[in-house]
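Participant: Have a look at the structure that comes next, please.
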Amino acid sequence: MENRKIIFYDGVCNMCNSFVNTIISLDQKNQLFFSPLNGKIAKKLLKEHREKIKNIDSVIFYSHSKISVKSKAVIDIINSLGSFYKIISIL
């Protein structure tokens, strides 16, 4: 599980849900996994990052046991989609 790229999102936020739906449609390689922030997987994998994610109710990107939050998470997620999307993230 630690080697997977997981997007943790606020399951009750409409903007987060729209973002997740967009990423699902762009992830042609099916390399990303999704989990709500209040789920069992989030509690298990994010427990060592509690201080960094305290009061975060947005997007968290978990990749290779490291996390990024908020806008940095969005940029990292876009970069993980491939070369074309990396260009978009630079803009």
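The values are calculated or read from the model by the stated rules, or taken from the named source; none is laboratory data. Please read all numbers here as calculations on a predicted model, not as lab measurements. Cβ atoms come from the backbone with ideal geometry, glycine included; neighbour counts cover every protein chain shown. These area figures cover heavy atoms from the full protein model, side chains too; ligands, DNA and RNA do not enter into them. Shrake-Rupley method; radii C 1.70, N 1.55, O 1.52, S 1.80 Å.
Participant: Please give the number of the condition SER18 fails out of (1) part of a helix (DSSP H, G or I); (2) surrounded by 14 or more Cβ atoms within 10 Å (Cβ to Cβ); (3) small (Gly, Ala, Ser).
Facilitator: Failed condition: (2).
Participant: When the residues of the stretch 31-77 are narrowed to those that are within 14 Å of the chain's Cα centre (by Cα), open to solvent by 40 Å² or more (accessible area, probe 1.4 Å) and without any contact (Cβ under 8 Å) to a residue 12 or more places away in the chain, which ends up nearest to GLY11 (Cα to Cα)?
Facilitator: SER71
Participant: Return yes when LEU26 is touching a residue at least 12 places away in the same chain (Cβ under 8 Å), of a type in the set (A, V, I, L, M) and surrounded by fewer than 17 Cβ atoms within 10 Å (Cβ to Cβ) and no when it is not.
Facilitator: yes
Participant: Moving on to the next point. Just name the residue that is most open to solvent (accessible area, probe 1.4 Å) out of those in the stretch 1-15 that are at pLDDT 90 or above and within 16 Å of ILE56 (Cβ to Cβ).
Facilitator: By that ranking, first place goes to TYR9.
Participant: Only residues that are over 20 Å from ASN55 (Cβ atoms) and in a loop (DSSP other than H, G, I, E, B): list them for the stretch 1-15, please.
Facilitator: MET1, GLU2, ASN3, ARG4
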